[in-house]
Number of protein chains: 2
Amino acid sequence: MWVLNNEGKDTWSAFDIVGHLNSAERNDWMPRVRTILENGEAPAFDPFDRFAQMKESEGKSLEQLLDDFNRLRSESLAALQALNLESTDLARRGTHPALGPVTLSELLATWAVHDLTHLHQLSRVMAYQYRDEVGPWSAFLGVLKCTGHSAP
Amino acid sequence: MWVLNNEGKDTWSAFDIVGHLNSAERNDWMPRVRTILENGEAPAFDPFDRFAQMKESEGKSLEQLLDDFNRLRSESLAALQALNLESTDLARRGTHPALGPVTLSELLATWAVHDLTHLHQLSRVMAYQYRDEVGPWSAFLGVLKCTGHSAP
């Protein structure tokens, strides 16, 4: 199954990647925005639980996960907008449990680049499964040469 | 402008990539399917004109290009479905101007992986522009480590 195959032990399928994005939407982005605004630099953010998605995605189809993403992202963006952040807020700081001090501005940029990292990964995971089916065209298809930049 | 910046001389922006996908939709995929079915192995496919998009995209916004893509892809898929291909058709052959003999099956698989190759590229081109803004999180964002697998 195209959306359920991964890249080997401890790697993610398209299904897992969407589950991870949903989990980040629920547990990570807006909760960390609020932590910065409400608590500042202490305590540090809760670590991202990369296994929470297993329970959250259980029994769902990919279509359901995509519907969830659509709803969760809309809710996040509405909540972000409702904060009426000003440019001075962007310099406010929090503490990442592994990386140390970070700013709200860095968190918001990371939110976008995190999407793009997983889109990058997802395109590779899905393309790789057709590496033989494309025949001689594989020479022209750069994604098939991606070995993963040490995941994702 | 996020969607107009590229990766340097002779590389593509997000806008260029969508223009390329549209150009392939107009000039490449279904025309090559028809060439295989109608003409077989001779003559070879017309070479893909990577510059046709410059004229096709001229004066358009990214939103217009995305609307075009939505319409063109729907038209392509409807045309493909209307062919009522049977499994024996998938082995029919055409001639790629550079790669030589290819099958209809390989062409259809390449259509999908070509999308994914350019999604892979697009995620990199867009993410790279925020490599500084993410601060220390860059260590966790694999897409920022992608150097392009010799384009795309």
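All of the numbers you see were taken from the coordinates with simple rules; none came from a lab. Since we're looking at a predicted model, the values are computed, not measured. Cβ coordinates were reconstructed from backbone atoms using ideal geometry, including for glycine residues, and neighbour counts include every protein chain displayed.
According to the Cα gyration tensor, what semi-axes, each the square root of 5 times an eigenvalue, does the equivalent ellipsoid of chain B have, listed from largest to smallest in whole Å?
33, 17, 14
Taking the dipole about the Cα centre of the protein assembly as shown, with the C-beta of Lys and Arg at +1 and of Asp and Glu at -1, give me whichever of B:66, A:35, B:76 is farthest to the positive side.
The listed residue farthest towards the positive side: A:35.
Go ahead and collect, in residue order, the members of the range B:5-37 whose backbone nitrogen is under 16 Å from a label point 7 Å along the Cα-Cβ direction of residue B:73.
Correct set: B:14-30.
With springs only between Cα atoms under 10 Å, which of B:45, B:140, B:69 fluctuates most in a Gaussian network model of chain B?
Result: B:140 has the largest fluctuation of those listed.
With the radius of gyration and the Kirkwood radius both derived from the Cα set of the protein assembly as shown, what is their ratio Rg to Rh? It would help to have the intermediate numbers written out before the result.
Details: Rg = 21.6 Å, Rh = 21.3 Å.
When Rh is taken as the Kirkwood radius, the ratio is 1.01.
Quick one: label points 7 angstrom along Cα→Cβ at residue B:74, distances to the other copies in nm, smallest first?
Counterpart label points of residue B:74 in the remaining copies fall at 2.0 nm.
What size of dipole, in debye to the nearest 20, comes out for chain B about its Cα centre when the only charges are +1 on Lys and Arg C-beta atoms and -1 on Asp and Glu C-beta atoms? All intermediate terms of the calculation are to be shown ahead of the outcome.
Working: 14 positive and 21 negative charges, 54 e Å.
Computed charge dipole of chain B: roughly 260 debye.
Show that you can apply the helix-only estimate: for chain B, add -39,500 (n - 2.57) for every DSSP H stretch of four or more residues, divide by all residues, and state [θ] at 222 nm to the nearest 500.
Value at 222 nm, helices only: -16500 deg cm²/dmol.
Roughly speaking, what is the centre-to-centre gap between the range A:118-146 and the range A:1-45 when only Cα atoms are used, to the nearest Å?
If you average the Cα positions of each part, the centres end up 25 Å apart.
Report, ordered by chain and residue number, the aspartates and glutamates lying within cross-link reach of residue B:60, taken as a straight Cα distance under 12 Å and ignoring same-chain residues fewer than 8 apart.
B:16, B:68
Mind giving me the FRET efficiency for residue A:133 and residue B:81? R0 is 22 Å, r the Cβ-Cβ distance, nearest 0.05 is fine.
For R0 = 22 Å, the calculated efficiency reads 0.65.
Please state the charge dipole magnitude for the protein assembly as shown, taken about the Cα centre, from unit charges on C-beta atoms (+1 on K and R, -1 on D and E), reported in debye and rounded to the nearest 20.
The calculation lands at about 460 debye.
Check cross-link reach from residue B:145 to the lysines: straight Cα distance under 27 Å, and skip same-chain residues fewer than eight apart.
Counting by Cα, and skipping residues close in sequence, residue B:145 has these lysines nearby: A:9, A:145, B:9.
Once the Cβ-Cβ distance between residue A:60 and residue B:112 is put in as r, and R0 is 22 Å, what FRET efficiency do you end up with, to the nearest 0.05? Could you put the intermediate results ahead of the total?
Details: r = 24 Å, r/R0 = 1.10.
It comes to 0.35.
Most exposed first by the Cβ proxy, i.e. fewest other Cβ within 10 Å, how do A:92, A:124 rank?
By the 10 Å Cβ count, ascending, the order reads A:92, A:124.
State the three equivalent ellipsoid semi-axes of the range B:62-112, derived from the C-alpha gyration tensor as the square roots of 5 times its eigenvalues, in descending order and whole Å.
26, 16, 7
Once the label point is set 7 Å along the Cα-to-beta-carbon vector, what list of distances in nm do you get between residue A:34 and its counterparts in the other copies?
Nearest first, the other copies' label points are 5.6 nm away.
Compute the distance in nm between two label points, each set 7 Å from the Cα along the Cα-to-Cβ direction, one at residue B:93 and one at residue A:147.
3.4 nm
What number comes out for the charge environment of residue A:146, summing +1 per Lys or Arg and -1 per Asp or Glu over other residues with Cβ under 14 Å away?
For residues surrounding residue A:146, the net value is +4.
Hey, for residue B:61 with labels 7 Å out along Cα-Cβ, what do the inter-copy distances come to in nm, ordered shortest first?
From this label point to the equivalent ones elsewhere in the assembly: 3.5 nm.
Give, in nm to one decimal, the length gained when the segment between residue B:37 and residue B:49 is fully stretched (0.36 nm per residue of separation minus the Cα-Cα distance). Don't jump to the answer; show the numbers that get you there.
On the way: separation 12, 0.36 × 12 = 4.32 nm, distance 2.17 nm.
Here the segment from residue B:37 to residue B:49 would lengthen by 2.2 nm.
How many partner chain Cβ atoms sit within 10 Å of a residue's Cβ in peptide B:128-137, on average, as a whole number? Working shown, then result.
Working: counts 2, 4, 7, 2, 2, 8, 11, 10, 8, 10.
Mean shielding count: 6.
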